[in-house]
Amino acid sequence: MSALDITDLTRVYKNAGGEEVQALGGVSLQVPRGEVHGLLGPNGAGKTTLCKIISTVLLPTTGRVSVLGHDVVTDTKRAKSSLGIVFGGDKGAYDRLSARQNLSFWAGVYGLSGSRRRRRVDELLDRVGLATRADDKVGGFSRGMKQRLHLARGLVADPGVLILDEPTVGMDPVAARDFRALVGELRSNGTTILLTTHDMAEAAALSDRVSLIDQGRMILTESPRTIGDLVSTYERVDARDVPEPIRQRIEGLPGVVAVTRTGDGVLRTETETPRATLAVQRILVEAEIREVARSRPSLEEVYLHLVGRRGMSVER
């Protein structure tokens with residue numbers, strides 16, 4: 001049985017003008033138990049809508065979602081009890097309360113009481129590295145510390161499935177590194193994790209598999225290694241002082257993905273096949289262009305080609 005089983009999921013809503021808008025269109029995804037699954041997509045791709053349906057906040061228009069075998073519509077209570085949710089950013093904690101008081105409150109919401117609640121709170125504070133600051137008010141915490149507290153909150157009920165929604169947004173590099181180490185520990189303990197992010201490199205580093213979603217539809221689901229192989233098919237050729245007629249010839253070549261001029265006057269050509277790369281270089285050599293450099297694009301650049309350039313902000 002999959003930890004998450006999503007079949008032909010759609011979600012339609014009406015905008016301010018009364019027109020129907022499709023946020024999700026026939027999404028299907030199975031996440032095995034114990035897998036860390038990265039979900040990448042630009043703003044408006046449907047990531048948040050999907051997470052809200054999984055976490056029982058929204059109802060699907062059609063289709064089915066189950067969490068550890070519990071249908072989110074017909075068996076909502078047990079589906080919800082199987083889930084933990086951690087949102088990015090520093091909102092959601094009570095700043096005037098201490099970390100211990102925050103966690104104790106949330107543990108009470110999940111039905112823990114007495115010595116059991118105290119033990120669970122102490123255990124989680126130690127696990128996320130906040131034991132020494134347990135009685136300090138959260139309002140004085142850094143963003144990274146607040147995010148650790150959010151992770152502890154998501155783990156209060158010891159969920160089988162954990163949703164991490166942009167968990168490292170706004171963190172400094174050290175805090176982000178520590179947070180990723182915690183995710184690695186959870187994976188080793190068998191927790192199933194759905195990680196939504198804009199950062200393809202982060203998803204590749206943490207995930208067993210990665211899904212790309214855009215405009216409410218799944219584009220592909222592959223291992224990070226397979227996506228790495230995809231990256232290797234893309235190349236870019238930078239050349240300086242390229243005349244406009246030459247640029248137009250390059251743009252018309254099969255396999256050329258994009259041709260742009262950078263601020264310092266370099267013409268950058270991005271290709272998706274080795275044959276296209278060689279054709280671009282041949283045209284530049286014939287035109288006696290002397291400054292030519294060939295390189296691989298970053299993971300983020302390839303991702304932008306796959307989902308389309310629709311104003312996505314990429315975490316770096």
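Selection of region 8-24 for residues being assigned to a strand (DSSP E or B) and of a type in the set (Asp, Glu) yields Asp8, Glu20.
Among the candidates Val86, Val121, which residue alone is within 23 Å of the chain's Cα centre (by Cα) and either touching a residue at least 12 places away in the same chain (Cβ under 8 Å) or surrounded by 14 or more Cβ atoms within 10 Å (Cβ to Cβ) (or both)?
Step by step, each of Val86, Val121 is checked, and only Val86 is within 23 Å of the chain's Cα centre (by Cα) and either touching a residue at least 12 places away in the same chain (Cβ under 8 Å) or surrounded by 14 or more Cβ atoms within 10 Å (Cβ to Cβ) (or both).
Restricting attention to region 18-30, which residues are surrounded by fewer than 23 Cβ atoms within 10 Å (Cβ to Cβ) and not hydroxyl-bearing (Ser, Thr, Tyr)?
Let us first name the residues in region 18-30 that are surrounded by fewer than 23 Cβ atoms within 10 Å (Cβ to Cβ), namely 18-23, 25-26, 28-30.
Within region 18-30, Gly18, Glu19, Glu20, Val21, Gln22, Ala23, Gly25, Gly26, Leu29, Gln30 qualify.
Mind listing just one residue for me: the one in region 162-197 that is of a type in the set (D, E, K, R) and in contact with a strand residue (DSSP E or B) (Cβ under 7 Å, 6 or more places away or on another chain) and, of those, farthest from Gly34 (Cα to Cα)? Among residues in region 162-197 that are of a type in the set (D, E, K, R) and in contact with a strand residue (DSSP E or B) (Cβ under 7 Å, 6 or more places away or on another chain), the one farthest from Gly34 (Cα to Cα) is Glu166.
What about Arg117, is it among the charged types (D, E, K, R), in contact with a strand residue (DSSP E or B) (Cβ under 7 Å, 6 or more places away or on another chain) and within 24 Å of Gly160 (Cα to Cα)? Steps first, answer last, please.
On the way: among the charged types (D, E, K, R): yes; in contact with a strand residue (DSSP E or B) (Cβ under 7 Å, 6 or more places away or on another chain): no; within 24 Å of Gly160 (Cα to Cα): yes.
Taking the combined requirement at face value, the residue does not satisfy it.
If you take the residues of region 215-244 that are exposed (fewer than 15 other Cβ atoms within 10 Å of the Cβ) and more than 23 Å from Pro42 (Cα to Cα), which of them is nearest to the chain's Cα centre (by Cα)? Top of the filtered list is Arg240.
For Leu112, the conditions (1) in a loop (DSSP other than H, G, I, E, B); (2) aliphatic (A, V, I, L, M); (3) closer than 13 Å to Leu149 by Cβ all hold with the exception of (3). Scanning region 161-179 finds no residues that are in contact (Cβ under 8 Å) with a residue 24 or more places away in the chain, surrounded by 16 or more Cβ atoms within 10 Å (Cβ to Cβ) and closer than 30 Å to Ala293 by Cβ. Quick one: would you say Pro254 is more than 25 Å from the chain's Cα centre (by Cα) and assigned to a helix (DSSP H, G or I)? So Pro254 does not fit the description; no. Of all residues in region 193-214, those satisfying the criterion of being outside any helix (DSSP H, G or I), closer than 18 Å to Pro42 by Cβ and among the acidic types (Asp, Glu) are Asp199, Asp214. Only one entry of Arg261, Arg209, Arg247 meets the criterion of being touching a helix residue (DSSP H, G or I) at 6+ places or on another chain (Cβ under 9 Å), surrounded by 14 or more Cβ atoms within 10 Å (Cβ to Cβ) and not polar (S, T, N, Q), and that entry is Arg209. All conditions in (1) at pLDDT 90 or above; (2) loosely packed, with under 14 Cβ neighbours inside 10 Å; (3) touching a strand residue (DSSP E or B) at 6+ places or on another chain (Cβ under 6 Å) hold for Asn15, with the sole exception of (1).
Considering region 129-164 alone, what residues qualify as being on the phi < 0 side of the Ramachandran plot and part of a loop (DSSP other than H, G, I, E, B)?
The initial filter retains those residues of region 129-164 that are on the phi < 0 side of the Ramachandran plot, namely 130-157, 159-164.
Within region 129-164, Leu130, Ala134, Asp135, Asp136, Phe141, Ser142, Leu155, Val156, Ala157, Pro159, Gly160 meet the criteria.
For region 200-225, a tally of residues being closer than 10 Å to Leu39 by Cα and in contact with an Asp or Glu (Cβ under 6 Å, 6 or more places away or on another chain) returns 1. When the residues of region 25-79 are filtered to those that are hydrophobic (A, V, I, L, M, F, W, C) and in a loop (DSSP other than H, G, I, E, B), the one that is nearest to Val210 (Cα to Cα) is Ala45. Residue-level check: of (1) under 10 Å from the mean Cα position of the chain (by Cα); (2) outside any loop (DSSP other than H, G, I, E, B), Pro167 misses just (2).
Before we move on, is Gly34 in the same structural domain as Val156 (by TED's automatic domain parsing), in contact with a strand residue (DSSP E or B) (Cβ under 8 Å, 6 or more places away or on another chain) and under 22 Å from Ala152 (Cβ atoms)?
Yes: the conditions hold for Gly34.
Within region 266-290, the only residue that satisfies the criterion of being at pLDDT below 90 and touching a Lys or Arg at 6+ places or on another chain (Cβ under 6 Å) is Glu270.
The values are calculated or read from the model by the stated rules, or taken from the named source; none is laboratory data. No experiment lies behind these values; they were computed from the predicted model shown. Every residue, glycine among them, receives a Cβ derived from its backbone with ideal geometry; neighbour counts consider all protein chains shown.
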